[in-house]
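The values are calculated or read from the model by the stated rules, or taken from the named source; none is laboratory data. Note that the coordinates shown come from a computational prediction; the quantities given were computed from them, not determined experimentally. Don't worry about glycine lacking a Cβ; one is built from the backbone with ideal geometry, like all the others, and counts go over all protein chains shown.
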Amino acid sequence: MARTAVLKPEQVPAESKPTLDAFTRSIGFTPNMMAAFAQSPIAFNAWATLLGSLSKALDVKTRDSIGLAVSEVNGCNYCLTVHSFTAEHMAKLPADDIILARKGHANDAKRDAAVQFARKVIETRGHVNDADLKAVRDASYTDANIIEIVALVAMYSLTNFFNNVFDHEKDFPAIAPAGSI
């Protein structure tokens with residue numbers, strides 16, 4: 001049961017409305033998470049700006065794989081449903097790759113290094129070791145790319161924490177529970 005209101009269109013603060021309307025047009029509906037997040041124009045618009053900026057980082061398959069890995073570690077079932085849906089329909093990741101990403105890996109060697117590194121960042125709260133940095137650099141990621149990976153981990157963690165706190169009703173297709181992957 002949700003712990004905060006999922007706003008109806010007429011309840012959305014004026015400062016959040018343009019951002020929420022843009023997401024609704026883009027996605028085709030208003031996800032519960034966004035309708036709740038819009039209660040705080042400051043937090044919602046800051047997140048949306050970060051999301052927009054980071055949508056230019058790396059490639060879509062790597063971004064979605066990182067989102068899956070981070071959401072799995074953070075135990076965010078809402079985000080796992082969202083990222084599984086977008087990974088399948090937007091990034092065109094096969095079901096096996098989605099499961100692999102949730103486990104912190106990828107079939108592609110370069111993407112695998114990024115996903116493993118992202119998982120290390122979230123598991124260690126950023127206290128990665130030199131070998132972790134070497135592995136991601138050896139996969140041809142620049143320091144700028146590594147900063148983008150860290151920023152993606154932080155952004156996905158923000159929505160994971162938000163959704164774990166408020167426990168929104170899932171409005172994307174169900175996924176396999178963590179214990180079954």
### Query
Applying the selection to region 61-81, what residues are among the β-branched types (Val, Ile, Thr) and in contact with a Ser or Thr (Cβ under 8 Å, 6 or more places away or on another chain)?
Val70
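Condition check ((1) farther than 22 Å from Phe29 by Cβ; (2) of a type in the set (Lys, Arg)) across all residues:
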residue	(1), (2)
Ser55	no, no
Asp59	yes, no
Ala69	yes, no
Glu72	yes, no
Gly75	yes, no
Leu80	no, no
Ser84	no, no
Lys92	no, yes
### Summary
In region 139-181, anything at pLDDT 95 or above, of a type in the set (Ser, Thr, Tyr) and assigned to a helix (DSSP H, G or I) is listed as Tyr156, Ser157, Thr159
### Task
Inspect region 24-38 for any residue being out of contact with any His (no Cβ under 6 Å at 6 or more places or on another chain) and either in the same structural domain as Leu100 (by TED's automatic domain parsing) or of a type in the set (Lys, Arg) (or both) and give the result as yes or no.
yes
### Task
Within region 32-42, count every residue that is part of a helix (DSSP H, G or I) and under 18 Å from Asn163 (Cβ atoms).
6
### Query
Does any residue of region 101-116 turn out to be of a type in the set (S, T, N, Q) and either in contact (Cβ under 8 Å) with a residue 24 or more places away in the chain or closer than 14 Å to Leu152 by Cα (or both)?
yes
### Query
Out of curiosity, is Lys120 free of Cβ contacts under 8 Å to residues at least 24 places away in the same chain and basic (Lys, Arg)?
yes
### Query
Which one is farthest from Ser157 (Cα to Cα) among residues in region 43-80 that are assigned to a loop (DSSP other than H, G, I, E, B) and among the polar types (S, T, N, Q)?
Ser55
### Message
If I filter region 1-31 down to residues being in a helix (DSSP H, G or I) and among the acidic types (Asp, Glu), which single residue comes out as surrounded by the fewest Cβ atoms within 10 Å (Cβ to Cβ)?
### Response
Glu10
### Task
Check Val150, Val60, Val82 and return the single one that is within 28 Å of Phe166 (Cβ to Cβ) and buried (at least 21 other Cβ atoms within 10 Å of the Cβ).
Val82
